[in-house]
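The values are calculated or read from the model by the stated rules, or taken from the named source; none is laboratory data. These numbers come from a predicted model, not from an experiment. No Cβ is skipped: glycine too gets one built from the backbone with ideal geometry, and neighbour counts run over all protein chains shown.
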Amino acid sequence: MTIRAIALLVALAALPATTARSQDKAHTAPASQPAADANVFLIRAYAEPTLFPATVKIDGRAVASLSQRDFTAVKLEAGAHRLKLGWPLLATQSNAEVSILIEPEKTYYFLVLGQAGPGRAETDITYIRSGSGFAALPAYHGPAMIEACCVFKPPR
């Protein structure tokens, strides 16, 4: 077992039980709703590692820290912007950054992605899969995904 794995196990054991989030968000009332003029929606339906929140930054400014089944929404002016996804050090997940171009009068939906953990094994080698990023969703698919999975988390 590596030092990184041991540190992760120690950190997880030290977390209080109340930090676990309910996997059934259907019974959780949202604190508020997105602004009516929001044109960019960031959705974390499922992204590994599941225990840690992912911090989303837009143009260098922290917008939200999204846990599983959270989403946030912001209003961005037309033009080029940078989306950055960051993870805590103990998450052992890679960060991601992408450029986006916002057009006037359009609404955008981005899915937060993350995968981590053992992949395939060959003899004495185990391949680890790890990575994170954003996936653009078609505008017609975004609202249905939010309705099916997620609770609104107001942006900072």
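So, in the range 137-156, exactly how many residues are closer than 18 Å to SER32 by Cβ, among the aromatic types (Phe, Trp, Tyr) and assigned to a loop (DSSP other than H, G, I, E, B)?
The number of residues fulfilling the criteria is 0.
Modelled with pLDDT of 95 or more and under 14 Å from the mean Cα position of the chain (by Cα): does that describe LEU101?
It is false that LEU101 is modelled with pLDDT of 95 or more and under 14 Å from the mean Cα position of the chain (by Cα).
Can you find even one residue in the range 62-77 that is more than 24 Å from ALA144 (Cα to Cα), surrounded by fewer than 18 Cβ atoms within 10 Å (Cβ to Cβ), at pLDDT below 95 and of a type in the set (A, V, I, L, M)?
At the first step, the residues of the range 62-77 found to be more than 24 Å from ALA144 (Cα to Cα) are 62, 77.
Now restrict to residues that are surrounded by fewer than 18 Cβ atoms within 10 Å (Cβ to Cβ): 62, 77.
Still in the running and at pLDDT below 95: none.
No, there is no match, as no residue in the range 62-77 is more than 24 Å from ALA144 (Cα to Cα), surrounded by fewer than 18 Cβ atoms within 10 Å (Cβ to Cβ), at pLDDT below 95 and of a type in the set (A, V, I, L, M).
Which ones in the range 69-92 are in a strand (DSSP E or B) and among the hydroxyl-bearing types (Ser, Thr, Tyr)?
THR72
Consider LEU83 carefully, then state whether it is free of Cβ contacts under 8 Å to residues at least 24 places away in the same chain and among the aliphatic types (A, V, I, L, M).
Criteria not met by LEU83.
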